[in-house]
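One structure below.
The values are calculated or read from the model by the stated rules, or taken from the named source; none is laboratory data. This structure is a prediction, so every number in the text was calculated from the model and none was measured. Here the Cβ positions follow ideal geometry from the backbone for every residue, glycine too, while neighbour counts run over all protein chains shown.
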């Protein structure tokens, strides 16, 4: 998690030193020549404060919860959310825009934590999802309402990608072994 956040801050420092020219390297909806922006967009921000800072805090909090189950899980959830959420944003975002920032990943992490308890049917994971919902739910829902300069499409698609990650990574449920017939 520290590596992801460090990379975001380093990219933002380079972006600031370069006159914020990287801002155009985000997701450009339905432009096949700019599809690579799906992978770069989460690491590019419009400014340090408030954009990068506002993404860093929930990203660190939610990412650390996921990372408690291992770095491999965090990497897998992150990859699913970036790729699937980014492709969704690329498909439904408004033409002529460049979507940047890690808020889609934040939504993906939150949705993953909210949904994984339902798919895994584990009390601790349900409780974790409830806690995430109580602490971040209002902010998450408010961010789905269209605002100028904010990609509700990125938030929505990131959230849907998080639910997909929870489904794909759910632990197989143990089925009771069938009873063997008794010999008489």
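Every residue in the stretch 12-26 that is under 20 Å from the mean Cα position of the chain (by Cα) and over 11 Å from residue 47 (Cα atoms), please.
Those that are under 20 Å from the mean Cα position of the chain (by Cα) and over 11 Å from residue 47 (Cα atoms): 25, 26.
Based on what the data block shows, is residue 63 touching a residue at least 60 places away in the same chain (Cβ under 8 Å) and crowded, with 16+ Cβ neighbours inside 10 Å?
For residue 63, the condition - touching a residue at least 60 places away in the same chain (Cβ under 8 Å) and crowded, with 16+ Cβ neighbours inside 10 Å - is met.
Of all the residues that make up the stretch 29-45, how many are closer than 17 Å to residue 106 by Cα and buried (at least 16 other Cβ atoms within 10 Å of the Cβ)?
Going through the stretch 29-45 one residue at a time, the tally reaches 7.
Give 55, 15 a once-over and let me know the one that is surrounded by 13 or more Cβ atoms within 10 Å (Cβ to Cβ) and without any contact (Cβ under 8 Å) to a residue 40 or more places away in the chain.
Being surrounded by 13 or more Cβ atoms within 10 Å (Cβ to Cβ) and without any contact (Cβ under 8 Å) to a residue 40 or more places away in the chain holds for just one of 55, 15, which is 15.
Taking the stated definitions as given, is residue 101 within 15 Å of residue 27 (Cβ to Cβ) and modelled with pLDDT under 95?
no
Listed residues 164, 131, 160; which is outside any loop (DSSP other than H, G, I, E, B), out of contact with any strand residue (DSSP E or B) (no Cβ under 6 Å at 6 or more places or on another chain) and over 27 Å from residue 44 (Cβ atoms)?
131
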